[in-house]
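Trainee: I'd like to ask you about the structure that follows.
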Amino acid sequence: MNSPITKTFDADTTKALEHVDRAEMVDIACDMVRSNSVKGAEAALAYKMAEWFRARGYEVWLHELDHGLAQVVATLKGTGGGRSLMLNGHLDTDPVTTFGWSRDPFEPHIDGDKLYGAGIINMKGPDAALIEAAEAIRKSGVKLKGDLVVALVCGELQGGYGMEELLKTGYRTDAAICCEPFGTWNVLTMNVGTAIFGVSITGKTEHIMYKHNAVDAIQKMLKVIPAIDAIEFTYEPRADLPDIPCIHVGAVIAGRGTDYNLKGPNYVSDYATILCDVRFLPGQTIESVTADLKRAIDKVASDDPELEYKIDIPAPAFFGTGLTKGHEPYEIDAEEEIVQLVVENRTQIMGEPPELVGVHNPGSYSGDDTSHLWKFGIPCVLFGPGHPNGIRSAFADEFMSIDDMEAHSRILVKTAIDYCNRDT
């Protein structure tokens, strides 16, 4: 895609748009794909990107955190008097499926408009597009009044840990665009709440010869799982989010002891854990969902005095699934300035308005860093390049549209110039 630069744009916008470099953007994405940054192991990529930004004159903050994590905040400093805008992406990726790849997932491959590679959708493709937007402004020599911030955070897939820790330091911008991969034809103003719970049952182990004296944690868990599937949440329904709230038991493990020793299947398992993913509505909270979950399990326990359980939120560190309690629901009015500015510039750059502005089904069923940005008072909108066949990620032969990445980068260029040059 090579979008025409029309005469309706001012001189600065025209100049910056001329510096959007499709090949450079693709190179950035490919280099990021080659760095395996599955959640929990994204620090090396953060260090690499920090050096990349330093070499180009950005003001760089390499923010090192607990759990061996790190993230990078790179800033194009404004001349003063304008407003600051954050372009937000995350460095961590979902685990790669071991089935179905036709080539090495960490060696990017280009086929026409398709850029293949592990994590390219969520979200190294969007990361490259937002970086290229900042680079186009920097290389053009266009000066913004306010700061333009590129925040490549860690731990987004662990409950938004990196963004939460960043904001706890007092760091703020006047607005943010969270460039999650929903496609430039969608401008999302809402995400539901998300959390991962661990439910563990403690039993009593015995050798198979004496199993009648045991308390089998697996058998107890087999009673609990149907109760969780049939949970009755406390909530006010929303017609635009018909499938929420929902819960899914996504992982099961059992063995002997809290490390789930599996070397003795001749013994009854005395410890079992399930991991549950929960999606919930505005009006619900992580605390209210926890209470609903406890009530459902307590009904089972009332008929079984040997059923001893606990709920962990976040799930135990053993599993590496989360470092915060999760994402609370986020929703911004579609009339807010940052939303309207993205819609306006998407329309101007691409020649037509987005297909959707507001709640997306199923896109809004996910969770992301807008939750924490919104909680800390930063107006934010969800807008990023996506997959041509809908909202999906972490599948075999994962790919993203390069055209959509380039369009996204151009829209961000104009939006950054417009927003950062407005007086505080």
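The values are calculated or read from the model by the stated rules, or taken from the named source; none is laboratory data. These figures come from a predicted structure and were not determined experimentally. Surface areas here come from the heavy atoms of the whole protein model, side chains and all, with no ligands, DNA or RNA. Shrake-Rupley method; radii C 1.70, N 1.55, O 1.52, S 1.80 Å.
Trainee: For segment 232-277, what log10 I(q)/I(0) values come out of the Debye formula at q = 0.16, 0.18, 0.23, 0.29 1/Å, with one point per alpha carbon and no solvent?
Mentor: -0.58, -0.64, -0.80, -1.01
Trainee: For segment 24-30, in order, what is each residue's ³J(HN,Hα) by Karplus, 6.51 cos²θ - 1.76 cosθ + 1.60 with θ = phi - 60°, in whole Hz (x at glycine and Pro)?
Mentor: Karplus values, whole Hz, x for Gly and Pro: 5, 4, 5, 4, 4, 4, 5.
Trainee: Now for a separate question. Skip the ligands, DNA and RNA, and give the accessible area per residue of segment 238-303 with a 1.4 Å probe, whole Å².
Mentor: Working: 3220 Å² over 66 residues.
Per-residue accessible area for segment 238-303 comes out at 49 Å².
Trainee: Which whole-angstrom value gives the distance between the alpha carbon centres of segment 41-73 and segment 315-378?
Mentor: So the separation of the two Cα centres works out to 24 Å.
Trainee: Go ahead and estimate [θ] at 222 nm for the chain from helices alone: -39,500 (n - 2.57) per DSSP H run with n ≥ 4, summed, over the residue count, rounded to 500. Before the final figure, lay out the partial values.
Mentor: Numbers: 10 runs with 124 residues, N = 424.
Helices in the chain give a 222 nm mean residue ellipticity of -9000 deg cm²/dmol.
Trainee: A follow-up question, please. Taking a probe of 1.4 angstrom, what is the accessible area of Tyr267 in Å², to the nearest 10?
Mentor: Number for this one is 80 Å².
Trainee: Hey, another quick one. Carbon and sulfur atoms: what percent of the 1.4 Å accessible area of the chain do they account for? Can you show the working numbers first?
Mentor: Numbers: 8710 of 17260 Å².
That fraction is 50 percent.
Trainee: Check cross-link reach from Lys143 to the aspartates and glutamates: straight Cα distance under 17 Å, and skip same-chain residues fewer than eight apart.
Mentor: Here the aspartates and glutamates satisfying the reach criterion relative to Lys143 are Asp10, Asp12, Glu18, Glu59, Glu132, Glu135, Asp418, Asp423.
Trainee: Follow-up. What are the ³J(HN,Hα) values, in whole Hz, obtained from phi via the Karplus relation 6.51 cos²θ - 1.76 cosθ + 1.60 with θ = phi - 60°, for each residue of segment 397-413 in sequence order, with x given for Gly and Pro?
Mentor: Karplus values, whole Hz, x for Gly and Pro: 6, 4, 8, 9, 6, 5, 4, 5, 4, 5, 4, 4, 4, 5, 5, 5, 4.
Trainee: Please state the relative contact order of the chain as a whole percent: Cα pairs under 8 Å, 6+ residues apart? Provide the component values of the computation, followed by the final result.
Mentor: On the way: 978 pairs, mean separation 110.6, N = 424.
Worked out over the chain, it gives 26 percent.
Trainee: So what is log10(I(q)/I(0)) for the chain at q = 0.08, 0.11, 0.12, 0.14 1/Å, when the Debye sum runs over its Cα atoms only?
Mentor: One equal scatterer on each Cα of the chain leads to -0.47, -0.83, -0.96, -1.22.
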